[in-house]
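K.L.:
I am attaching a structure below and will ask some questions about it afterwards.
Just so it is clear, none of the values below were taken in a lab; they were calculated from the coordinates. Fair warning: this is a prediction, and the values are worked out from it, not measured in the lab. Positions of Cβ are generated from backbone atoms using ideal geometry, with glycine treated the same way; all protein chains shown enter the neighbour counts.
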Number of protein chains: 2
Amino acid sequence: MSRLDSYIRRMQAQKLCLDRAAQLIGTRPGPILELGFGNGRTYDHLRELFPGRKIYVFDRQINPHPDCVPPTDMVRLGDARETLPRFLEGAPEPAVLIHTDIGTGDKTASLRLAQDLAPTIARLLAPGGLVAGDQPLPDDGLEPLPLPEGVKVGRYHFYRRRA
Amino acid sequence: MSRLDSYIRRMQAQKLCLDRAAQLIGTRPGPILELGFGNGRTYDHLRELFPGRKIYVFDRQINPHPDCVPPTDMVRLGDARETLPRFLEGAPEPAVLIHTDIGTGDKTASLRLAQDLAPTIARLLAPGGLVAGDQPLPDDGLEPLPLPEGVKVGRYHFYRRRA
Ligand SMILES: C[S@@+](CC[C@H](N)C(=O)[O-])C[C@H]1O[C@@H](n2cnc3c(N)ncnc32)[C@H](O)[C@@H]1O
Ligand code: NI
Ligand code: NI
């Protein structure tokens with residue numbers, strides 16, 4: 001399979017997981033955290049799925065499309081290994097959904113980053129809160145959920161915070 | 001429709017047009033030109049569809065994934081407004097397929113660039129040669145082809161060089 005094929009499938013998997021998350025969450029309250037903003041394509045999708053929700057954005061730097069500029073007070077710039085624990089210290093409302101899209105070309109480094117962030121991610125979620133991500137998030141507090149139909153195992157990752 | 005949705009559809013449209021081009025071209029000879037190499041995702045797909053073909057690559061700079069590094073002698077670095085006419089002057093073999101993926105965030109500039117390149121693109125193609133691209137390519141020598149099923153008009157662009 002070409003890199004174009006697998007890229008398309010990964011983008012579809014991302015979309016399908018987020019669409020499923022929106023169904024599961026319904027009107028349950030809580031903010032959303034987007035880890036890895038990039039140019040805001042996924043952010044735009046989250047805004048559409050969850051109108052009116054607070055969406056916090058974490059990235060080293062953001063490069064938003066003009067249509068997708070997040071409000072300044074919702075942006076946390078810096079290495080997620082620092083910004084995420086600092087955010088947690090601020091005792092925020094528990095998140096209803098966290099999305100991670102933090103992979104770079106370096107597979108080992110991406111896996112490692114997700115592994116490092118997983119415990120903080122689990123603690124940021126409300127019990128029953130969801131996390132969808134491009135990398136596995138190994139943490140005892142996170143229970144793997146079945147993937148939406150059409151998403152191959154390993155292409156995306158989907159968990160629920162244990163109660 | 002969110003930017004994620006329309007991005008996925010654009011990537012699918014690209015893939016479907018290139019897959020169709022491969023069917024139409026079959027074993028007809030001639031090199032392929034990839035305008036806008038980026039990180040080489042589409043290049044990888046072209047390599048798979050057309051094993052053993054010469055694929056020339058044009059971009060201001062290339063940022064290849066380690067699996068998708070093109071041979072140095074196939075790369076033409078610089079602004080396509082300069083590299084493409086220079087390539088044509090070298091009286092290359094007529095191309096059997098040209099793919100353009102040269103859009104940037106600036107829609108007007110992208111349309112303009114494609115418009116500027118269209119006549120050179122038409123001249124680089126063999127009669128009956130194909131061009132698929134992310135931007136319209138207005139030129140009398142290029143006849144619009146029907147898009148593959150599932151590709152909405154305007155999402156991708158597909159032409160044949162008139163005989
Ligand atoms: C959307 S990206 C291409 C992505 C690529 N198909 C891939 O699979 O990674 C567009 C590319 O067009 C290139 N580009 C834009 N304007 C250009 C110009 N005037 N001359 C040469 N390259 C240009 C950019 O440098 C960028 O790499
Ligand atoms: Ni726009
Ligand atoms: Ni690879």
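K.L.:
Using beta carbons and a limit of 9 Å, which pairs, at least six apart or on different chains, have the first residue in region B:23-45 and free of Cβ contacts under 8 Å to residues at least 40 places away in the same chain and the second one buried (at least 24 other Cβ atoms within 10 Å of the Cβ) and of a type in the set (S, T, Y)?
P.N.:
B:F37/B:Y43
K.L.:
Of all residues in region A:1-16 being among the hydroxyl-bearing types (S, T, Y) and part of a helix (DSSP H, G or I), which is nearest to ligand 3 (Cβ to nearest atom)?
P.N.:
That would be A:S6.
K.L.:
Can you find even one residue in region B:48-61 that is within 16 Å of ligand 3 (Cβ to nearest atom) and either more than 14 Å from the chain's Cα centre (by Cα) or without any contact (Cβ under 8 Å) to a residue 12 or more places away in the chain (or both)?
P.N.:
yes
K.L.:
In addition: Take B:R112 and decide whether it is surrounded by fewer than 19 Cβ atoms within 10 Å (Cβ to Cβ), part of a helix (DSSP H, G or I), basic (K, R) and near ligand 1 (Cβ under 9 Å from one of its atoms).
P.N.:
In short, no.
K.L.:
Oh, and also: Inside region B:93-108, can you point out the residues that are farther than 30 Å from B:T27 by Cβ and either in contact (Cβ under 8 Å) with a residue 12 or more places away in the chain or more than 14 Å from chain A (Cβ to nearest Cβ) (or both)?
P.N.:
Hit for region B:93-108 is B:G103, nothing else.
K.L.:
Okay, moving on. For region B:115-150: of the residues being within 14 Å of chain A (Cβ to nearest Cβ) and within 16 Å of ligand 1 (Cβ to nearest atom), which is nearest to B:R161 (Cα to Cα)?
P.N.:
Only one residue tops the list, namely B:A132.
K.L.:
Further, regarding this structure: Check off (1) more than 24 Å from A:R41 (Cα to Cα); (2) part of a strand (DSSP E or B) for A:A132 and give me the number that stays unchecked.
P.N.:
Exception for A:A132: condition (1).
K.L.:
Which ones in region A:50-109 are of a type in the set (A, V, I, L, M, F, W, C), part of a helix (DSSP H, G or I) and away from ligand 2 (no atom under 16 Å from the Cβ)?
P.N.:
Answer for region A:50-109, where residues must be of a type in the set (A, V, I, L, M, F, W, C), part of a helix (DSSP H, G or I) and away from ligand 2 (no atom under 16 Å from the Cβ): A:M74, A:A80, A:L84, A:F87, A:L88, A:A109.
K.L.:
May I pose another question? Just to verify a result, which residue in region B:66-92, among those that are under 17 Å from B:A114 (Cβ atoms) and either in contact with a His (Cβ under 6 Å, 6 or more places away or on another chain) or acidic (D, E) (or both), is nearest to the other protein chains (Cβ to nearest Cβ)?
P.N.:
Selected residue: B:D79.
K.L.:
Suppose we filter region B:137-159 for residues that are of a type in the set (A, V, I, L, M), touching a residue at least 40 places away in the same chain (Cβ under 8 Å) and surrounded by fewer than 21 Cβ atoms within 10 Å (Cβ to Cβ); how many remain?
P.N.:
Selection size over region B:137-159: 1.
K.L.:
Sticking with this structure for a sec: If you go through region B:17-45 one residue at a time, how many are within 13 Å of chain A (Cβ to nearest Cβ), within 21 Å of A:R9 (Cβ to Cβ) and more than 16 Å from ligand 3 (Cβ to nearest atom)?
P.N.:
Residues meeting the conditions: 4.
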